[in-house]
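Worksheet: the structure to be examined is printed underneath.
The values are calculated or read from the model by the stated rules, or taken from the named source; none is laboratory data. All values derive from a computational prediction rather than experimental measurement. Because the Cβ atoms are built from the backbone with ideal geometry, glycine has one as well, and the counts that use them run over all protein chains shown. The area values use the complete protein model at the heavy-atom level, side chains included, leaving out ligands, DNA and RNA. Shrake-Rupley method; radii C 1.70, N 1.55, O 1.52, S 1.80 Å.
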Amino acid sequence: MPRRSCLIAALLSAASLFAANPVVTGPVVSTTAPGDPRHGYPFFSSMDDLKGRGYVEQEYFFSGTANRYDTPEGATGKVIDGDHKYRTRLVVRKPADPKKFNGTVIVEWNNVTAGHDQDIDWYQIHDYLMRSGYVWVGVTPQRIGVEALKVWSKDRYGSLDVSADGTIMNDALSYDIFADAGRAARQPHGADFLAGMKPQRVFATGHSQSAVRLASYLNSVHPLDPVFDAVIVHGGGSKIRTDLKIKVWKLSSETDVIIGQAAARQPDTDNFRSWEVAGDSHVDTQFIAGRSRLVQRDGNPVAPGATPGAARGGRATPAAPVAAGGNPCDQPTYSDVPFYQVMEAALDHLVVWVKDGKAPPSAPPIDVASTGPPRAVIARDAAGNSSGGGIRLAAIAVPIAVNTGQNSGPGFCWLYGSHVDFDPAKIALLYPKHAAYVAAVREVTDKNLKAGYILKPEADATIAAAEKSGIGAR
């Protein structure tokens, strides 16, 4: 065979190892209203007023073939084998009017720590996503997520499988499955879940366990067949290699710094940013409020064989509220520091960074007394709050409580952070006049807005809340 023919054959053979665009079917019809015990609607479908915000939600199934990869730490991997069939789902929340689409698709790797799918980043920043015109796509790439869906509704989800008919049980196919959702956004095959809207940018995001998998994907799989224009690694993940050509942003709470990110810090570059939010917990009250409502409506299905945090110490998972029986942790759980405000600003910057090349601001890391092991020790003031560094929102810079990223106790208490209000005497001492408290909040908030760490709607809301508070009032 001529050398040219051999080369073409080799290239075609190599190309066949990479997953093609999947076939998308749907939207999957809902046969019951949300909340109906027959579960004829998408699991954890949004409880927000999407229609009132000009948004629609639809569920699709997609199928294709996926590879298994060798994923060496911080280095490009290789294909082990391929042609493993899969079928799973994605949920799309998009502007009803295509003219409202801002050109950016966010593809979220759903978190399965609780034993089922959770779209944590949607919970965190859904208000911002809808007011700004993003398309959000939540993907179920892991076996636990799929099997929990079957527990919830065998009729609706019984055809789904990401284990190659039970032969691959370790989520090795999840990298291609997730990337296929990004491919389908760009080049639909079958149903077009964007309904003709043409994305200019496709970003990936994922929180905690999903962030760990995203970091592995970035370092080992992405270089073989790039799909995404940028990735947000939220609340976890190893160091990111420095030679990637796409924009990567690490977002960390104080908890994340304590449990590993202090030791995994790396400097900002032309393609990398890292922000840390002082005083915040791995998941915060914004997320907990949203998830609690969904669990009340849809229940808490767990994939067979899965062991969520509740099974280890009788405690809710790091993505679930404290059990009704009370709080077994040593401190009241969940920080009141609004992490979502910082995440919104980061995404706003990321769009401009990718679109126009304008670099976003850097932020100082949280001050630590030690990076560990086993865990980092945060430098703290006399009250117990972080004493310096990091992005310092008003809740930590003008404190009326101790908000931290640490806690202790059974199960996953170490991930929940803590919140303890100052007693009235301490607050009166710190803020003898209401006007002085409001002025301090305004000063810090204006500074954060100017620095680019928050957006104006959230800055205005923070100041308005201070004005309405009784802090310093007599």
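Could you tell me whether any residue of region 213-223 is touching a Phe, Trp or Tyr at 6+ places or on another chain (Cβ under 6 Å), closer than 24 Å to Gln124 by Cβ and surrounded by fewer than 21 Cβ atoms within 10 Å (Cβ to Cβ)?
Taking every residue of region 213-223 in turn, none turns out to be touching a Phe, Trp or Tyr at 6+ places or on another chain (Cβ under 6 Å), closer than 24 Å to Gln124 by Cβ and surrounded by fewer than 21 Cβ atoms within 10 Å (Cβ to Cβ).
Answer yes if at least one residue in region 324-342 is out of contact with any Asp or Glu (no Cβ under 8 Å at 6 or more places or on another chain), closer than 23 Å to Leu149 by Cα, modelled with pLDDT under 95 and open to solvent by 40 Å² or more (accessible area, probe 1.4 Å), and no otherwise.
Looking only at region 324-342, we keep the residues that are out of contact with any Asp or Glu (no Cβ under 8 Å at 6 or more places or on another chain), and these are 324-333, 342.
Those left that are additionally closer than 23 Å to Leu149 by Cα: none.
Checked region 324-342: no residue is out of contact with any Asp or Glu (no Cβ under 8 Å at 6 or more places or on another chain), closer than 23 Å to Leu149 by Cα, modelled with pLDDT under 95 and open to solvent by 40 Å² or more (accessible area, probe 1.4 Å).
Restricting attention to region 96-121, which residues are of a type in the set (A, V, I, L, M, F, W, C) and either closer than 19 Å to Gly182 by Cα or within 16 Å of the chain's Cα centre (by Cα) (or both)? Please lay out each step first, then the result.
Pass one, region 96-121, residues of a type in the set (A, V, I, L, M, F, W, C): 96, 101, 105-107, 109, 112, 114, 120.
Scanning region 96-121 gives Phe101, Val105, Ile106, Val107, Trp109, Val112, Ala114, Ile120.
Of a type in the set (Val, Ile, Thr), closer than 26 Å to Asn300 by Cβ and at pLDDT 60 or above: is that true of Val23 in this structure?
no
Could you tell me which of the residues Thr88, Thr76 is open to solvent by less than 50 Å² (accessible area, probe 1.4 Å), of a type outside the set (Phe, Trp, Tyr) and either at pLDDT 95 or above or within 17 Å of His126 (Cβ to Cβ) (or both)? If you could, list the steps in order and put the result at the bottom.
Details: Thr76 fails: open to solvent by less than 50 Å² (accessible area, probe 1.4 Å).
Testing whether each residue is open to solvent by less than 50 Å² (accessible area, probe 1.4 Å), of a type outside the set (Phe, Trp, Tyr) and either at pLDDT 95 or above or within 17 Å of His126 (Cβ to Cβ) (or both) leaves just Thr88.
For Ile259, only one of the following conditions fails: (1) open to solvent by 20 Å² or more (accessible area, probe 1.4 Å); (2) out of contact with any Phe, Trp or Tyr (no Cβ under 9 Å at 6 or more places or on another chain); (3) of a type in the set (Val, Ile, Thr); (4) not in a loop (DSSP other than H, G, I, E, B). What is its number?
(2)
So how many residues does region 384-402 have that are open to solvent by 40 Å² or more (accessible area, probe 1.4 Å) and of a type in the set (A, V, I, L, M)? So that I can check it myself, show each step before the final result.
Taking region 384-402 and keeping what is open to solvent by 40 Å² or more (accessible area, probe 1.4 Å), we get 387, 392, 397, 400.
When the remaining residues are screened for being of a type in the set (A, V, I, L, M), the result is 397, 400.
Residues in region 384-402 being open to solvent by 40 Å² or more (accessible area, probe 1.4 Å) and of a type in the set (A, V, I, L, M): 2 in total.
I'd like to check something: does region 122-139 contain any residue that is within 20 Å of the chain's Cα centre (by Cα), among the aliphatic types (A, V, I, L, M) and closer than 21 Å to His84 by Cα? Show your work before the answer.
Taking region 122-139 and keeping what is within 20 Å of the chain's Cα centre (by Cα), we get 122-139.
The next check asks that each one be among the aliphatic types (A, V, I, L, M); those that pass are 125, 129-130, 135, 137, 139.
Next cut, closer than 21 Å to His84 by Cα only: 139.
Yes, region 122-139 contains at least one residue that is within 20 Å of the chain's Cα centre (by Cα), among the aliphatic types (A, V, I, L, M) and closer than 21 Å to His84 by Cα.
Which of the residues belonging to region 157-172 are open to solvent by less than 40 Å² (accessible area, probe 1.4 Å) and either in contact with a strand residue (DSSP E or B) (Cβ under 9 Å, 6 or more places away or on another chain) or acidic (Asp, Glu) (or both)? Step through it out loud before you land on a result.
Going residue by residue through region 157-172, those that are open to solvent by less than 40 Å² (accessible area, probe 1.4 Å) are 157-158, 160-164, 168, 171-172.
The answer is Tyr157, Leu160, Asp161, Val162, Ser163, Ala164, Ile168, Asp171, Ala172.
Check Ala9 against each of (1) open to solvent by less than 60 Å² (accessible area, probe 1.4 Å); (2) modelled with pLDDT of 95 or more; (3) outside any loop (DSSP other than H, G, I, E, B) and name the one condition it does not meet.
Failing condition for Ala9: (2).
Out of region 159-212, which residues are farther than 25 Å from Val112 by Cβ and within 19 Å of the chain's Cα centre (by Cα)?
Answer for region 159-212, where residues must be farther than 25 Å from Val112 by Cβ and within 19 Å of the chain's Cα centre (by Cα): just Arg201.
I'm told Tyr416 meets every condition in (1) open to solvent by 30 Å² or more (accessible area, probe 1.4 Å); (2) within 20 Å of the chain's Cα centre (by Cα); (3) hydroxyl-bearing (Ser, Thr, Tyr) except one. Can you identify the failing condition by its number?
(1)
For region 356-383: of the residues being charged (D, E, K, R) and assigned to a loop (DSSP other than H, G, I, E, B), which is most open to solvent (accessible area, probe 1.4 Å)? Talk me through it step by step, then tell me what you get.
So the first thing to find is which residues in region 356-383 are charged (D, E, K, R), and the list is 356, 358, 367, 375, 380-381.
Subsequent filtering for residues that are assigned to a loop (DSSP other than H, G, I, E, B) retains 358, 367, 375, 381.
Numbers: Lys358: 141, Asp367: 70, Arg375: 110, Asp381: 66 Å².
Checking each candidate, the answer is Lys358.
Kindly indicate whether Glu57 is of a type in the set (Asp, Glu), under 30 Å from Glu344 (Cα atoms) and touching a residue at least 60 places away in the same chain (Cβ under 8 Å). Working first, answer last.
Values: of a type in the set (Asp, Glu): yes; under 30 Å from Glu344 (Cα atoms): yes; touching a residue at least 60 places away in the same chain (Cβ under 8 Å): no.
The answer is no for Glu57.
State the number of residues belonging to region 280-323 that are at pLDDT below 85, farther than 29 Å from Gly166 by Cβ, of a type in the set (A, V, I, L, M, F, W, C) and surrounded by fewer than 17 Cβ atoms within 10 Å (Cβ to Cβ).
1
So that you can scan it fast, the table gives a plain yes or no per residue for (1) farther than 29 Å from Lys355 by Cα; (2) in contact with a helix residue (DSSP H, G or I) (Cβ under 7 Å, 6 or more places away or on another chain); (3) part of a loop (DSSP other than H, G, I, E, B):
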{"site": "Asn170", "(1), (2), (3)": "yes, no, yes"}
{"site": "Ala185", "(1), (2), (3)": "no, no, no"}
{"site": "Lys198", "(1), (2), (3)": "no, no, yes"}
{"site": "Ala204", "(1), (2), (3)": "no, yes, no"}
{"site": "Ser216", "(1), (2), (3)": "no, no, no"}
{"site": "Ser220", "(1), (2), (3)": "no, no, no"}
{"site": "Lys250", "(1), (2), (3)": "no, no, no"}
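Just to check your reading of the model, which residue among Val162, Val91, Val139 is touching a Ser or Thr at 6+ places or on another chain (Cβ under 8 Å), of a type in the set (A, V, I, L, M) and under 28 Å from Pro457 (Cα atoms)? Lay out the reasoning, then the answer.
Details: Val162 fails: under 28 Å from Pro457 (Cα atoms); Val139 fails: under 28 Å from Pro457 (Cα atoms).
Exactly one of Val162, Val91, Val139 is touching a Ser or Thr at 6+ places or on another chain (Cβ under 8 Å), of a type in the set (A, V, I, L, M) and under 28 Å from Pro457 (Cα atoms), namely Val91.
Residue by residue, here is whether (1) in contact with a helix residue (DSSP H, G or I) (Cβ under 8 Å, 6 or more places away or on another chain); (2) without any contact (Cβ under 8 Å) to a residue 40 or more places away in the chain holds:
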| site | (1), (2) |
| --- | --- |
| Gly417 | yes, no |
| Val420 | no, no |
| Asp423 | no, yes |
| Pro432 | no, no |
| Ala435 | no, yes |
| Val441 | yes, no |
| Val444 | yes, no |
| Leu449 | yes, yes |
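Got a sec? Which of Arg131, Arg93 is at pLDDT 95 or above, at negative phi and surrounded by fewer than 24 Cβ atoms within 10 Å (Cβ to Cβ)? It would help to see each step written out before you state the result.
Details: Arg93 fails: surrounded by fewer than 24 Cβ atoms within 10 Å (Cβ to Cβ).
Result: Arg131 is the single residue among Arg131, Arg93 that is at pLDDT 95 or above, at negative phi and surrounded by fewer than 24 Cβ atoms within 10 Å (Cβ to Cβ).
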